């Protein structure tokens, strides 16, 4: 499988809110704090409050994935543990993919079992972990953000937050001004002679798990091309995940 296609599929496989800023304040449009701190505070409030969000240390999610590139559909599972651990299983019942991230090391299924991933694929896995770490990384300050201005999405007013990641491209968060939730995350990856490409994920169908909101529907894109849709049926938080899930066995 080529690095480019693998990178796209990796993307297949966060909750923010805004304060209700008045359009006018004594006749002058109010400016959002350029550090993004007010926006982050309102994001955490929308997700269930900073206190509840900080308690989330692991997330297990299961459901179904449809890949539009090949028309296949099957089971999907995600095991996330802070800090820096992620396991994704895409259609394992059909001999599909398993990907593992443990801090700055990544593996995926290859000849003879799990093998180390290329630097480009590792970047995409770190990017994926980072957006799944939202909003928890905002609650504990491990993700530093800045305000990127107003930016609409699908015809709806919104705002942009920017996060600088270690060992991965900048993460861009689109926040819906009405629902106060993240509606899209994206990053732009340099792919050598193939140029640069954007990976993104859109979120919807939010439900509360122990008081914290999570999206149950995710649509993944490479540029404007829809790659896949994930519909989750089960999310549990703070369940103990076996250590071997994050080891290359």
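The values are calculated or read from the model by the stated rules, or taken from the named source; none is laboratory data. These numbers come from a predicted model, not from an experiment. In this analysis, Cβ positions are derived from the backbone assuming ideal geometry, glycine residues included, and neighbour counts consider all displayed protein chains.
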Quick one: in the range 36-75, of everything that is in contact with a helix residue (DSSP H, G or I) (Cβ under 6 Å, 6 or more places away or on another chain) and surrounded by 21 or more Cβ atoms within 10 Å (Cβ to Cβ), which residue is nearest to residue 96 (Cα to Cα)?
56
Index of the failed condition, residue 78 passing every other in (1) farther than 28 Å from residue 159 by Cβ; (2) modelled with pLDDT of 50 or more; (3) surrounded by 16 or more Cβ atoms within 10 Å (Cβ to Cβ); (4) touching a helix residue (DSSP H, G or I) at 6+ places or on another chain (Cβ under 8 Å):
(1)
Can you tell me which residue in the range 108-153 is modelled with the lowest pLDDT, limited to those that are in a loop (DSSP other than H, G, I, E, B) and over 16 Å from residue 80 (Cβ atoms)?
111
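Can you tell which of 227, 213 is under 23 Å from residue 49 (Cβ atoms) and surrounded by 13 or more Cβ atoms within 10 Å (Cβ to Cβ)? Spell out how you get there, then give the answer.
Working: 227 fails: under 23 Å from residue 49 (Cβ atoms).
The conditions single out 213.
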Quick check, is residue 93 over 21 Å from the mean Cα position of the chain (by Cα), assigned to a helix (DSSP H, G or I), at pLDDT below 95 and under 19 Å from residue 142 (Cα atoms)?
no
